Amino acid sequence: MLFQGAHLNNSLKPRLWNIPISALSSERVLKRWQGSGLGFVFVLNIVGAIGLAMYKFLLQRLVQGVLVMLVVAFVAFAIFHFLGDPVNNMVGESATDADREMVRLQLGLDEPIVVQYIKFVGNILQGDFGISYRTRTSVIEQMAARLPATIELSLVSGFFSILFGIPMGIYCALQPKSWLTRNFLVGSLVGISIPTFLSGLLLIYLFSVTLGWLPSQGRGGLISFGWWDTSLLTLKGWSYILMPALTLCIYQLTLITRMVRAEMLEVIRTDYIKFARARGLSNYIVQYRHALKNSLVPVVTIIGLQLGTVVAFSIITETVFNWPGLGQMFIQSIEFVDIPVMSAYLIFVGAFFVVLNLIVDLIYALVDPRLRAA
Amino acid sequence: MEHNNSHSQGVQQVPQMQKMTLIRKIADSDIFYSFCRSPLIVFAAVLCLSLVLSALFAPWLAPYDPFDQSSLSLWAANLAPLSTDDDGFFYLMGTDNQGRDILSAIMYGMRTSLIVGLAAVAFALVLGTSLGLVAAFFGGWVDSLLMRIADIQLSFPAILVALLIDGVAKAVLGSSQMESLAIYVLILAIGLSEWVQFARAVRAAALVEQRKEYVQAARIMGVPVPLIMLRHILPNVISPILVIATISIAVAIITEATLSFLGVGIPQTEPSLGTLIRVGGNYLMSGEWWITLFPGLTLVLLVLSFNLLGDWLRDALNPRLK
Amino acid sequence: MSLIEIKNLSVCYPSRRGVFKALQNVSLKVEAGEIHGLVGESGAGKSTIGSAIMGLLEHPGEISAGEINFCGQSIGALSDNALQQLRGSSIGMIFQDPLTSLNPLMSVGEQLIETICYHLKLSKSAAKDRALALFKEVEIPEPEVRIDQYPHQFSGGMRQRVVIALALCSEPKLLIADEPTTALDVSVQAQILDLIKRLVKKHQLGVILVTHDMGVIAQTTDKVTVLFRGKVVESGATGQLLAAPQHRYTQSLLSAVPRSDKKMSRFCQVSWIEGSQPLDNRAFAKDWQGENNLNLGSQVPMLEVKNLSLSFKAKASIFAKTPAPTKAVDDVSFSVNYGEVFGIVGESGSGKSPIPRLIPRLYNPDSGSICYRGESVVGKLPKQQLQSFRRRCQMIFQDPYSSINPRMRVRDIIAEPILLYGLNDRKGAYQRVDKLLDYLGLERAAALKYPHEFSGGQRQRISIARALATEPSLLICDEPTSALDVSIQAQILNILKDLQSELGLTMIFISHDLPVIRQMCDKVAVMKAGKIVELTESETLFTAAQHAYSQSLLRLMPNMHR
């Protein structure tokens, strides 16, 4: 921008060749959007040059997802295989060597590592995650029982943080000078600075200990649909989920607000918004039909990934509120070095992220004409 | 943008600019100007500095020594703030379940939090920056491999990665050894969970720099690759590193506190802000709020001051916002 | 009544270091059906006028005095809403870069229809008809197909046509074109300018054309206003002003524009813009340890390039068919004799940019040979040989802002190659830096400063000093002045000419600018799509070009002296 009028743009084009193409196409989708106008040019040139059709793009993403899952499975396998002695954990202290050998053979620990890994992956695909060292029950059953609690908690908090986060972010970007924006921004920094466990504790003190309005621990008011227990259909159920969800929500909300604002400011600075204004389009059209729509694409990406972190933060929330979900199970497994549960949880989180990423990519491909066409 | 260009030229032509001492140069810089213009940021800096100093000089400033077992008495346990015990000792913020003065414990606790936070970030910074530079400069499969690893790790939130590393360490070391090595394991775990941010930012910035002609000039001259990275590229990617480092300190402190709270970080015998809150959480139900609230408040203020500074730094160093 | 009349307009940008006056007392008038050129160098404030008319000044800019009357109505008196109505409906604007001016997520048709519906209150289908008509008007082939396409499916020139169509949506009376062709190649530029001229005639549009290019002014505009540091220095009918400029600034500016009609020995300098001492440091030339004079009688050319090819491969993909590699340089051969200036000219993508990077081995060629003084310098070389070749072959880059490291002192920038090749110790290197600074007309105090304290022209001198530090014999100049203003360009080109004659340097000079090529080069290669289409003596090219492509380039170049 410094040398206005120069033939710069023109002669920059050939120089783009110097960048390895892998540098860009390998970047996560959302990174593509964070460049300015020049970043656009890259994407245009490169996507155009490769001629990537949408289904190819998605197929590629799918394969990448499978690869990621294989790596995650390998990490889980490595933890399982190399940490602690599985045999020691399976048999009691008083077991004889013969007993040990039997268990070893049963577990297939005498086979080559690669075979063991393949078997491990095969077992996972069949839903067999082994037996928990601590509870001596099947890990998959344990997880299935706890899954609804975590999913419901994540959904409720994710829903509310999106519901409030996006409008707040938009407001902050469009009214950068208003006092409300300044309060939102400082407030969001405070929100990021309060650790989840602390806000949980403070909520408990306020609503359970002092006011006595809400229960502080556990999950209640359940209605069962087959193996799925839901707490969202009764008032009592909501009284249990409210505080954990709010705790989770605070952090997500602030993050989403800030990211939406940043993305939108980025778009507002672009030339095509300037040109739309110069065409005399009304503020409404410029801000909502152009700026908002274009910033929503990266926002969807970010929110998708953000929802993933809800799962991670639910570990903390579940511990504070004694919420019987997967996170609590994971913390317990770490405390007791319960390796099958640890690796199962790892695979669950990995799969969750991969699926989330795929959904995000799908939305992205549907919205962006550069992927849709070609 | 045209006016910007000529304007800055106009400014440079002021002759006094050349004869400025370092201090005056700093005082005259845009960063310092934007710093002074925002009372909130000045407040954050003062807050941050005073918290760090009170942690640093805790042995001299703290009213009691929380490690001194002899001074602890269960008679003075769980005293409310502003109370005096039977021996006439005054406790501004009350005492915890073992009769420790909360204020002193906070000051010592902050030391642990800050040490872990700073060391973890330093570790992540060195690791991430070097890997980011390597990925940007060599490209090809090195770049792909590093960025794939980063992508995969990024799909797992930092806290989860830190938890996993901690869990793995526990399995490897056994719980007795874990006790004595806890702080190092924690630094390692948090550092390893944060390096990706640095690596990605440095790589992105280095790719931009690398396209610039001064790097091409150095390559044409035949400057060795390590020298190009250290002397040419690194100094030009300092600002994103600085911003991320500031914000990472905040994240690292939170992560440490969270891990300690979950009982997998600093052992309970040593005060850190997280363990103090963990202890307090058990007494919250019976209405002893001060054991949780004061360490919690300190933690929030400490993290907030770093976040405020990082947020301001990001805007102040962003050339596009000028 | 004029279409638009600006009276004593002043625009200022207050900042903490005082108020910067971007425009001072600017007055101008534009009638319907005329193209009014605004010309000036960077910092002249020419773009600010357009933004001020549109009410789109960037924060914290503000109009501090004067008035703008559009069709007899004062724009300053309008409310924000009325001003917004005026934008687009009566005044249209197009920007420099067509790549970034269009919303990438909306088809061009949607963007057109949206604007038409908003301003003309038409139904969707009527708006679409109008959009198609506009596409025909701006000569986009197959409008029915193209209208549903997205911006990324258009080439640069076509995209600028779409931008023009968008600006014309609501039949404005005034069009402000801010450097509309600067980002385009010469041949596309000519088409776009023709289009604007035709539209003006047909619709009786008034156009304010902002540009830095005197050639564009000469060929397109009816009237011209010359700006310098926010003030109008001269204004008048284009032909008259160019033929007989009155003001000293205009005179020197015009004389500094490289001529395409004849070769001159030196460029006229716009001396009072940026103070510079002429180079007359004979002692420096005497000290010069170059190798050039040694081989004057030799039959071997200094540099011989044979059948050079380079292609850039797209990343292999598992699913997509790996696309055929782009041939950036395709079977190129030429040789450069001692003391010669060899020019390479071409449009973007012609392959002229990779060549200067192939010779000093920034890229490795796919095939072909490069011989320096009869010895091959491609392939695996002993380190010593490569270093000694690199020492003798230095390069000057296009962009003075990015070609020197902003975090190093000038002294260290220039001394780096000296120390790298072990030509001197640190103290000796710094002494040499002082001599180089003297020679290039920079003060010695510059050695301790950082690059941001210098202007573009001064930075380019630093860049030249770095290239000269190792006493090279071959200097590769990659578009050394295309990012600079005309007046600065003249200075830098003069320096290069002096270097060539005083130090006997051999040069390879890459440019897209034909007049500059004519002034600088002895021999020229014209490149298109990676191949050399014509290689001849420079004077022959300009008087009797053989290849059709060279002829069309010569015909299309904007020319002030025609």
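Remarks
- Residue within the stretch B:114-132 that is part of a helix (DSSP H, G or I), touching a Leu at 6+ places or on another chain (Cβ under 6 Å), away from chain A (no Cβ under 11 Å) and within 23 Å of B:PHE306 (Cβ to Cβ) present: yes
- Meets criteria (without any contact (Cβ under 8 Å) to a residue 12 or more places away in the chain, outside any helix (DSSP H, G or I) and on the phi < 0 side of the Ramachandran plot) for C:GLU58: yes
- In the set (1) crowded, with 21+ Cβ neighbours inside 10 Å; (2) at pLDDT 90 or above, C:LEU195 fails one condition alone, (1).
- The combined condition, being within 14 Å of chain C (Cβ to nearest Cβ) and either more than 30 Å from A:GLY200 (Cα to Cα) or in contact (Cβ under 8 Å) with a residue 60 or more places away in the chain (or both), is not fulfilled by B:VAL243.
- Filter pass, C:GLN385 being modelled with pLDDT under 90 and in contact with an Asp or Glu (Cβ under 6 Å, 6 or more places away or on another chain): no
- Test: C:MET106 is assigned to a loop (DSSP other than H, G, I, E, B) and either of a type outside the set (Lys, Arg) or at the interface with chain A (Cβ under 7 Å from one of its Cβ atoms) (or both): yes
- Of all residues in the stretch B:275-294, one or more are more than 10 Å from chain A (Cβ to nearest Cβ) and surrounded by fewer than 18 Cβ atoms within 10 Å (Cβ to Cβ).
- Yes/no for B:ILE190 being part of a helix (DSSP H, G or I), buried (at least 24 other Cβ atoms within 10 Å of the Cβ) and β-branched (Val, Ile, Thr): yes
- A:ILE250 falls short on exactly one of the conditions (1) assigned to a loop (DSSP other than H, G, I, E, B); (2) at negative phi, and that condition is (1).
- Selection count, the stretch A:171-188, where residues are within 12 Å of another protein chain (Cβ to nearest Cβ), under 26 Å from the mean Cα position of the chain (by Cα) and surrounded by fewer than 23 Cβ atoms within 10 Å (Cβ to Cβ): 3
- Qualifying residue in the stretch B:148-158 (condition: at the interface with another protein chain (Cβ under 9 Å from one of its Cβ atoms), in contact with a Ser or Thr (Cβ under 6 Å, 6 or more places away or on another chain) and in a helix (DSSP H, G or I)): yes
- Of the criteria (1) more than 17 Å from C:ILE140 (Cβ to Cβ); (2) touching a helix residue (DSSP H, G or I) at 6+ places or on another chain (Cβ under 7 Å); (3) within 12 Å of chain A (Cβ to nearest Cβ), which one C:THR182 fails: (2)
- Of the residues making up the stretch B:210-225, those that are in a helix (DSSP H, G or I) and facing chain C (nearest Cβ under 9 Å) are B:ARG211, B:GLU213, B:TYR214, B:VAL215, B:GLN216, B:ALA217, B:ALA218, B:ARG219, B:ILE220, B:MET221.
- Some residue of the stretch A:212-225 being without any contact (Cβ under 8 Å) to a residue 12 or more places away in the chain, buried (at least 18 other Cβ atoms within 10 Å of the Cβ) and either over 19 Å from the mean Cα position of the chain (by Cα) or not in a loop (DSSP other than H, G, I, E, B) (or both): no
- Residue match in the stretch B:226-243 (condition: surrounded by 21 or more Cβ atoms within 10 Å (Cβ to Cβ), assigned to a helix (DSSP H, G or I) and among the small types (Gly, Ala, Ser)): no
- Output for the stretch C:141-157, where each listed residue is of a type in the set (A, V, I, L, M) and surrounded by 20 or more Cβ atoms within 10 Å (Cβ to Cβ): C:ILE147
- Residues that are in a helix (DSSP H, G or I), within 11 Å of another protein chain (Cβ to nearest Cβ), under 16 Å from A:GLY325 (Cβ atoms) and among the aromatic types (Phe, Trp, Tyr) do occur in the stretch A:193-201.
- When A:ILE302, A:ILE285 are checked against the criterion of being surrounded by fewer than 23 Cβ atoms within 10 Å (Cβ to Cβ) and more than 14 Å from chain C (Cβ to nearest Cβ), a single residue qualifies: A:ILE302.
- Between C:LEU175, C:LEU102, C:LEU184, the distinction of being touching a Phe, Trp or Tyr at 6+ places or on another chain (Cβ under 6 Å) and either at pLDDT 90 or above or surrounded by 18 or more Cβ atoms within 10 Å (Cβ to Cβ) (or both) belongs to C:LEU102 only.
- Selection of the stretch C:144-161 for residues being within 11 Å of chain A (Cβ to nearest Cβ), of a type outside the set (Lys, Arg) and under 27 Å from the mean Cα position of the chain (by Cα) yields C:PRO151, C:HIS152, C:GLN153, C:PHE154, C:SER155, C:GLY156.
- Residue match in the stretch C:428-441 (condition: surrounded by 17 or more Cβ atoms within 10 Å (Cβ to Cβ), within 11 Å of chain B (Cβ to nearest Cβ) and in contact (Cβ under 8 Å) with a residue 60 or more places away in the chain): no
- Test set (1) within 14 Å of another protein chain (Cβ to nearest Cβ); (2) without any contact (Cβ under 8 Å) to a residue 40 or more places away in the chain - C:ARG391 fails condition number: (2)
- Just one of (1) surrounded by fewer than 18 Cβ atoms within 10 Å (Cβ to Cβ); (2) under 30 Å from C:ALA447 (Cα atoms); (3) in contact with a Phe, Trp or Tyr (Cβ under 8 Å, 6 or more places away or on another chain) fails for C:LEU381. It is (2).
- The condition of being in the same structural domain as C:PRO400 (by TED's automatic domain parsing), touching a Gly at 6+ places or on another chain (Cβ under 9 Å) and without any contact (Cβ under 8 Å) to a residue 60 or more places away in the chain holds for only one of C:ARG518, C:ARG444, C:ARG461, that being C:ARG461.
- Residue within the stretch C:502-509 that is at pLDDT 90 or above and either over 25 Å from C:LEU420 (Cβ atoms) or in a helix (DSSP H, G or I) (or both) present: yes
The values are calculated or read from the model by the stated rules, or taken from the named source; none is laboratory data. For clarity, every value in this text was computed on a predicted model and none was experimentally measured. Cβ: placed from backbone, ideal geometry, glycine included. Neighbour counts: every protein chain shown.
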